[in-house]
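Working notes for the structure below.
The values are calculated or read from the model by the stated rules, or taken from the named source; none is laboratory data. The model shown is predicted, which means the values in this text are computed figures rather than measured ones. A quick note on method: Cβ atoms are made from the backbone with ideal geometry, for glycine too, and the neighbour counts reach across all protein chains shown. Each accessible area value is taken on the protein alone, full model and side chains, heavy atoms only, with ligands, DNA and RNA left out. Shrake-Rupley method; radii C 1.70, N 1.55, O 1.52, S 1.80 Å.
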Amino acid sequence: MSTPIVIDCDPGHDDAIAILLALASPEVELRAVTTVAGNQTLEKTTRNALQVLELAGRSDIPLAAGADAPLRRHLRTAADIHGETGLDGPNLPQPTTRPVDAHAAELLADAIEPGVVLVPTGPLTNIALLLERHPDVRDRLDRIVWMGGAIGLGNSTPAAEFNAFVDPEAAAAVFSSGIPITMIGLDVTHQALFVTEHAARLRNTGSVGRTVAELADFFLPVYRRFGFSGAPMHDAMAVAHVIDPTLVATLECNVAIETRSQYCDGRTVADRWHVLDAPRNARVSIDVEAERFLELLVARISSLR
Ligand code: RIB
Ligand code: CA
């Protein structure tokens, strides 16, 4: 029995690989994809998502574009990490398909029914808009598995992880919505580094594997600049958590989002040791079986052609 999922993303190298992992895994059924501005502008993240679905021969999956800016802040993109296209590295053909003629919030509202897991892998702007425009979705959305946040250090600022930093108000709205949310944060994604050997194992497995290897050819040197030995496939870990919940250890605690700070806006303030008398509104990732995750990722991607 596969779990139906919807991915809201900002491709982005790791978003692209998360989509491909979902398409390669019988444990999940990708029902829809929505895009948000984040790693790059909405136009670019939407084009990139279309390219990935076409690469995998899955343009049957509906895709809708969403917010082109955070709820209340100026958009900050990550060209330094993902390049000017947002998916630098492979030379993918321009997409021949187009998004559906509806906002992401509408496609999400239509796609979400009991049993569906929502997997955002970018800023939470579309999810906040979904909750604003369709409050009844709270009654039929079982859970959210979000790649974002961190108990420890951030990556956009010392305090904040990128997806939370881009739109702290949206993250605050989602974490206070009452919808069960699991936060797959930097504390675990930084433990599982995709290295050149993984890329080499994929390069000759077909067009998808070659494309992932070429994504890695761009992405790995970016992380080496920060002293990493490989690249964290952040977003793929959120999908992997739905595929196999035993990969990532989580604990329930209170998570609040900082929105009014000079230095810490976007911080996911996780009460890891329950020192506050605050509701335990989230499950936060605290450990991962890194090698098992990476092997799953390589095995599944190599099964695509
Ligand atoms: O901080 C990492 C996250 O920000 C990932 O989702 C990456 O794709 C970017 O969106
Ligand atoms: Ca992302």
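State all residues of the range 101-137 that are part of a helix (DSSP H, G or I) and surrounded by fewer than 17 Cβ atoms within 10 Å (Cβ to Cβ); if no residue qualifies, say none.
Keep residues of the range 101-137 that are part of a helix (DSSP H, G or I), which gives 104-111, 125-133, 135-137.
Within the range 101-137, Asp110, Glu132, Arg133, Pro135, Asp136 qualify.
Could you check how many residues of the range 148-160 are open to solvent by 10 Å² or more (accessible area, probe 1.4 Å) and within 16 Å of ligand 2 (Cβ to nearest atom)?
Result for the range 148-160: 3.
Taking the condition closer than 19 Å to Glu27 by Cα and of a type in the set (Val, Ile, Thr), does Ile127 pass?
No; evaluated as a whole, the condition is false for this residue.
Look at Asp142 and say whether it is modelled with pLDDT under 95 and more than 16 Å from ligand 2 (Cβ to nearest atom).
It is true that Asp142 is modelled with pLDDT under 95 and more than 16 Å from ligand 2 (Cβ to nearest atom).
Conditions (1) within 16 Å of ligand 1 (Cβ to nearest atom); (2) in contact with a Ser or Thr (Cβ under 7 Å, 6 or more places away or on another chain), marked per residue:
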{"position": "Ile7", "(1), (2)": "yes, yes"}
{"position": "Asp10", "(1), (2)": "yes, yes"}
{"position": "Asp14", "(1), (2)": "yes, no"}
{"position": "Ala37", "(1), (2)": "yes, yes"}
{"position": "Leu42", "(1), (2)": "yes, yes"}
{"position": "Val52", "(1), (2)": "yes, no"}
{"position": "Asp60", "(1), (2)": "no, no"}
{"position": "Thr77", "(1), (2)": "yes, yes"}
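Mind listing whichever residues of the range 181-197 are open to solvent by less than 20 Å² (accessible area, probe 1.4 Å) and in a helix (DSSP H, G or I)? Let's see the steps before the verdict.
Narrowing the range 181-197 to residues open to solvent by less than 20 Å² (accessible area, probe 1.4 Å): 181-186, 188-189, 192, 194.
Within the range 181-197, Leu186, Val188, Thr189 qualify.
Identify, by number, the condition in (1) in a loop (DSSP other than H, G, I, E, B); (2) within 24 Å of Asp142 (Cβ to Cβ) that Ile5 doesn't meet.
Answer for Ile5: the failing condition is (1).
Might you let me know whether the range 173-180 holds any residue that is of a type in the set (A, V, I, L, M, F, W, C), open to solvent by 10 Å² or more (accessible area, probe 1.4 Å), in contact with an Asp or Glu (Cβ under 7 Å, 6 or more places away or on another chain) and over 17 Å from Ile81 (Cβ atoms)?
So far as the range 173-180 goes, no, none of its residues is of a type in the set (A, V, I, L, M, F, W, C), open to solvent by 10 Å² or more (accessible area, probe 1.4 Å), in contact with an Asp or Glu (Cβ under 7 Å, 6 or more places away or on another chain) and over 17 Å from Ile81 (Cβ atoms).
Looking at the range 125-171 only, could you name the residues that are without any contact (Cβ under 8 Å) to a residue 60 or more places away in the chain and of a type in the set (A, V, I, L, M)?
Matches in the range 125-171: Ala128, Leu130, Leu131, Val137, Leu141, Ile144, Leu153.
What's the number of the only condition in (1) closer than 30 Å to Glu27 by Cβ; (2) modelled with pLDDT under 95 that Asp277 fails to meet?
(1)
If we keep just the residues of the range 45-74 that are among the β-branched types (Val, Ile, Thr) and part of a helix (DSSP H, G or I), which is nearest to Leu107 (Cα to Cα)?
Ranking the candidates gives Thr46 first.
Can you tell me how many residues in the range 172-209 are away from ligand 1 (no atom under 16 Å from the Cβ) and in contact (Cβ under 8 Å) with a residue 24 or more places away in the chain?
Residues in the range 172-209 being away from ligand 1 (no atom under 16 Å from the Cβ) and in contact (Cβ under 8 Å) with a residue 24 or more places away in the chain: 18 in total.
Are any residues in the range 14-28 more than 15 Å from Val298 (Cα to Cα) and either within 16 Å of ligand 2 (Cβ to nearest atom) or surrounded by 24 or more Cβ atoms within 10 Å (Cβ to Cβ) (or both), and if so, which ones?
Passing the criteria: only Asp15.
For the subset of the range 35-44 comprising residues that are out of contact with any Leu (no Cβ under 6 Å at 6 or more places or on another chain) and closer than 18 Å to Glu106 by Cβ, which member is most open to solvent (accessible area, probe 1.4 Å)?
The qualifying residue most open to solvent (accessible area, probe 1.4 Å) is Leu42.
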